[in-house]
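So that we are looking at the same thing, I have put the structure below in structure tokens.
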Amino acid sequence: MAEITTREAINQALHEELERDEKIILLGEDVGLYEGSFKVSKGLYAAFGEQRVIDTPIAEAGIIGMACGAAMGGLRPIAEIMTVNFAIVAMDQIVNHVAKIHYMFGGQLQVPLVIRAPGGGGNQLGAQHSHSLEGLFMHFPGIRVVCPSFPADAKGLLKTAIRSADPVLFLEHEELYGVKGDVPDGELLIPLGVADIKRAGRDVTLIALSKMVYTCLEAAEQLAAEGIDAEVLDLRGLNPLDMAAVIESVGRTRRAITVEESWLTGGWGGEIAARIMETCFDVLDAPVLRVAAADVSAPYNKQLEQLAIPHAEDVVTRVKELF
Amino acid sequence: MPKQPIADFTIERLSILAPSGQADESLMPDLSDSQLLQLYELLSYTRMADQRALDLQREGRLGTYPASLGQEAAQVGSGFALRSQDWIFPAFRELGVFLCHNYPLELIYRYWSGDERGQQSPEGCNIFPMSIAVGTHILHAAGAALAAKYRGDDLVAAAFLGDGGTSKGDFHEALNMAGVYKLPLVVICQNNQWAISVSRQAQTAAQTLAQKALSYGIHGLQVDGNDVLAVYQATHEAIERARAGEGASFIECETYRMADHTTADDAQRYRDPQEVEKWRQRDPLLRMRRFLDQQRLWSPGDQEQLELTLKERLNRAVRAAESAAPPGAEEMFRYTCHQLSSRQQEQLKECLDGST
């Protein structure tokens, strides 16, 4: 066990997997010589060479489309999109091709492709570089959506994603790259679609993923001081979605709040809330509430950006409405 | 400081077989008499299978269908040059390519009748499923070429598209990638002059489509797309260049869509009948027939026999396609992901309960 950053954990996963299987290649803008815009691919170009760690032209649809073809052709590509906001440029390739080819061709072709993309706000990167789009991708059947929070999750989930027969969108958070945590040495595989209780509690379930898990943990500490014992459930991804874990937790706490960094309207919180009410309305002591970003484009201004995205205080306020 | 030219480009056009059937001996591809006959048989097979599809569509036995009439040489010439180990990424108007590679006609009919299982290539047939989406699959072919190059496999990836497809960003990104990585890729454009109702002139201001290759540092050539020998030779040379590590090629086959875009279209609304008539004079099939006649390789008796054989083959394909059991509800769930979610399992159960 070692305490390392999320960046190092992801780098370890990539290094170990590239070493394990020659079919794995990494491609994207500045992933090679420059070692990635966020230095996630540090040392990989030097270790594995330009045949396996491939710098690409600036062409997101091209990167995803070519990676899709390489996956159809028997490789296991990992494509990095510099930020998830640019994944929208490649949306047709992701949604109409990567996510559908296995179905359209009757299972004859597989697309074992991992698309890694950082995202999230808080760094004053402006409206076109700061969003979290996991809720959008959850809408499409045919592609897995994984969003790690702790460094160990990042490593274990990425290694599983790379070995998955399905295409996986692996959405990292830019603010978490420098966050440290304990990561077991060597092989670490965490199954996709298994939520994790990051803090056990009796009074309310805070359902979150990625950076919002930390926000919820912070809120839970504040709530504890006021006598409310919050459970923090880390979904770790949205497809597969571990609804069983949500239902189990809410069955114990009888209250639930979803906490997401992206927009409230059309967000994944609405889907979870609806499913809780469809499945276990009778156990609820209060309506399911949601915490999410304001429905605005991410402001460039520091104060405004912080106002737009959720913080622990917002979660605390919302939780108190349930009691 | 003088202003002077720093680069100079030319675009060549290859033509071997004149509409009269006269071939340029100096450019003749290295093909045996039996291969020449095979080419003609494949052209005929394509035309007859295509016509049968139109007939079936009119009878309500197939869905919307994109006819290949007039484009048989572009399809058969390229398809015949591609080897069995090569990977083919078709658009949706490449019937002749499929038939060159022994893709069962029965499956093609099944696909166009709305059975996606018709897209499943039989073992040993390296044709990837059709791309109805325009131009997006050129990138997939580039990726497959990247995989082949990485593994050192002796194969090229070949992608087909139409003139309209050359306006798509994915096409340009794919050609750029192919140039940067020197990929063993052959992109074959059936420039049939019309993208539904948009003419070739309205599609791009470029003088030729072939010249688009030059922007990406790959080989570009225009071919008389109604000349099966020229298309064959151009494709063959592109494959050899790719195998020699010289990278990708883009071949513009200049042809004409004699039919409507699909059975859901009426080209008379936007095309000049004189233009259609002009292209009728350049028919790719008659041209090859005249050539074989002149070479004394073909007789009216041979023609009669061929038509009988092909008719029987078409009948068998139609019978087989129509006797296939329809797909069940589980088909649409089974391949969404490798494991169904609990919700999908519930949805499948509802579909199955509802259908009983």
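Can you say whether B:Glu94 is under 19 Å from B:Ile239 (Cβ atoms), charged (D, E, K, R), surrounded by 21 or more Cβ atoms within 10 Å (Cβ to Cβ) and in contact (Cβ under 8 Å) with a residue 60 or more places away in the chain, as far as the supplied structure shows?
Numbers: under 19 Å from B:Ile239 (Cβ atoms): yes; charged (D, E, K, R): yes; surrounded by 21 or more Cβ atoms within 10 Å (Cβ to Cβ): yes; in contact (Cβ under 8 Å) with a residue 60 or more places away in the chain: yes.
Taking the combined requirement at face value, the residue satisfies it.
Report yes if B:Asp272 is modelled with pLDDT of 95 or more, of a type outside the set (A, V, I, L, M), surrounded by fewer than 24 Cβ atoms within 10 Å (Cβ to Cβ) and touching a helix residue (DSSP H, G or I) at 6+ places or on another chain (Cβ under 6 Å), otherwise no. Full working, then the answer.
Values: modelled with pLDDT of 95 or more: yes; of a type outside the set (A, V, I, L, M): yes; surrounded by fewer than 24 Cβ atoms within 10 Å (Cβ to Cβ): yes; touching a helix residue (DSSP H, G or I) at 6+ places or on another chain (Cβ under 6 Å): no.
It is false that B:Asp272 is modelled with pLDDT of 95 or more, of a type outside the set (A, V, I, L, M), surrounded by fewer than 24 Cβ atoms within 10 Å (Cβ to Cβ) and touching a helix residue (DSSP H, G or I) at 6+ places or on another chain (Cβ under 6 Å).
On to the next question. Which condition breaks for B:Ile251 when tested against (1) within 18 Å of B:Asn191 (Cβ to Cβ); (2) more than 19 Å from the chain's Cα centre (by Cα)?
(2)
When only residues in the stretch B:327-356 that are within 14 Å of chain A (Cβ to nearest Cβ), not in a helix (DSSP H, G or I) and not hydrophobic (A, V, I, L, M, F, W, C) count, which is surrounded by the most Cβ atoms within 10 Å (Cβ to Cβ)?
Here the residue is B:Tyr335.
Let me ask another. Just to be sure, is B:Asp293 at pLDDT 95 or above and farther than 21 Å from B:Gln75 by Cβ?
Working: at pLDDT 95 or above: yes; farther than 21 Å from B:Gln75 by Cβ: yes.
Judged against the criteria, B:Asp293 is a match.
A further question follows. Tell me the residue from A:Ile4, A:Ile63 that is among the β-branched types (Val, Ile, Thr), part of a helix (DSSP H, G or I), touching a strand residue (DSSP E or B) at 6+ places or on another chain (Cβ under 9 Å) and modelled with pLDDT of 95 or more, please.
Numbers: A:Ile4 fails: part of a helix (DSSP H, G or I).
Every option except A:Ile63 fails the conditions.
How many of the residues making up the stretch A:221-245 are more than 16 Å from the chain's Cα centre (by Cα), surrounded by fewer than 24 Cβ atoms within 10 Å (Cβ to Cβ) and either part of a strand (DSSP E or B) or not charged (D, E, K, R) (or both)?
Within the stretch A:221-245, residues that are more than 16 Å from the chain's Cα centre (by Cα), surrounded by fewer than 24 Cβ atoms within 10 Å (Cβ to Cβ) and either part of a strand (DSSP E or B) or not charged (D, E, K, R) (or both) number 10.
In addition: Regarding the stretch B:115-124, can at least one residue be identified that is buried (at least 24 other Cβ atoms within 10 Å of the Cβ), at the interface with chain A (Cβ under 10 Å from one of its Cβ atoms) and touching a residue at least 60 places away in the same chain (Cβ under 8 Å)?
So the first thing to find is which residues in the stretch B:115-124 are buried (at least 24 other Cβ atoms within 10 Å of the Cβ), and the list is none.
Taking every residue of the stretch B:115-124 in turn, none turns out to be buried (at least 24 other Cβ atoms within 10 Å of the Cβ), at the interface with chain A (Cβ under 10 Å from one of its Cβ atoms) and touching a residue at least 60 places away in the same chain (Cβ under 8 Å).
Just need a number here: residues in the stretch A:72-101 that are at the interface with another protein chain (Cβ under 7 Å from one of its Cβ atoms) and hydrophobic (A, V, I, L, M, F, W, C).
Result for the stretch A:72-101: 2.
I'd like to check something: does the stretch A:301-308 contain any residue that is assigned to a loop (DSSP other than H, G, I, E, B) and over 23 Å from the mean Cα position of the chain (by Cα)?
Start the filter on the stretch A:301-308 by keeping residues that are assigned to a loop (DSSP other than H, G, I, E, B), which leaves A:301.
In the following step, the residues that additionally are over 23 Å from the mean Cα position of the chain (by Cα) were identified as A:301.
Yes, the stretch A:301-308 contains at least one residue that is assigned to a loop (DSSP other than H, G, I, E, B) and over 23 Å from the mean Cα position of the chain (by Cα).
Listed residues A:Gly32, A:Gly43; which is in contact with a helix residue (DSSP H, G or I) (Cβ under 6 Å, 6 or more places away or on another chain) and more than 10 Å from chain B (Cβ to nearest Cβ)?
Details: A:Gly43 fails: in contact with a helix residue (DSSP H, G or I) (Cβ under 6 Å, 6 or more places away or on another chain).
So the residue among A:Gly32, A:Gly43 that is in contact with a helix residue (DSSP H, G or I) (Cβ under 6 Å, 6 or more places away or on another chain) and more than 10 Å from chain B (Cβ to nearest Cβ) is A:Gly32.
Search the stretch B:187-224 for residues being in contact with a Cys (Cβ under 8 Å, 6 or more places away or on another chain) and of a type in the set (Val, Ile, Thr), and hand back the single one that is farthest from B:Ile88 (Cα to Cα).
Top of the filtered list is B:Val223.
Something else about it: List the residue pairs whose Cβ atoms are under 7 Å apart, where the first residue sits in the stretch A:219-243 and is within 14 Å of chain B (Cβ to nearest Cβ), the second is acidic (Asp, Glu) and assigned to a helix (DSSP H, G or I), and the two are 6 or more positions apart or on different chains.
Cβ pairs passing all conditions: A:Leu238/A:Glu134.
Determine which single condition A:Met104 fails, assuming it passes every other condition in (1) within 14 Å of chain B (Cβ to nearest Cβ); (2) surrounded by 24 or more Cβ atoms within 10 Å (Cβ to Cβ).
For A:Met104, the exception is condition (2).
While we're looking at this one, here's another question. Check B:Ala159, B:Ala145 and return the single one that is under 16 Å from the mean Cα position of the chain (by Cα), more than 7 Å from chain A (Cβ to nearest Cβ) and under 14 Å from A:Gly73 (Cβ atoms). Lay out the reasoning, then the answer.
On the way: B:Ala145 fails: under 16 Å from the mean Cα position of the chain (by Cα).
Answer to the check: B:Ala159.
Residue check, A:Leu307 against (1) buried (at least 16 other Cβ atoms within 10 Å of the Cβ); (2) over 30 Å from A:Gly156 (Cβ atoms), all met but one. Which one?
Result: A:Leu307 fails condition (1) only.
Looking at B:Ile132, B:Ile108, which is the one that is among the hydrophobic types (A, V, I, L, M, F, W, C), in the same structural domain as B:Ile88 (by TED's automatic domain parsing), part of a loop (DSSP other than H, G, I, E, B) and more than 12 Å from B:Phe250 (Cβ to Cβ)?
Numbers: B:Ile108 fails: part of a loop (DSSP other than H, G, I, E, B).
The conditions single out B:Ile132.
Filter the stretch A:251-290 for residues that are in contact (Cβ under 8 Å) with a residue 60 or more places away in the chain and over 17 Å from the mean Cα position of the chain (by Cα) and give the result.
Within the stretch A:251-290, A:Arg255, A:Ile257, A:Gly266 meet the criteria.
The values are calculated or read from the model by the stated rules, or taken from the named source; none is laboratory data. The model shown is predicted, which means the values in this text are computed figures rather than measured ones. Quick reminder, even Gly has a Cβ in these numbers, built from the backbone with ideal geometry, and neighbours come from all protein chains shown.
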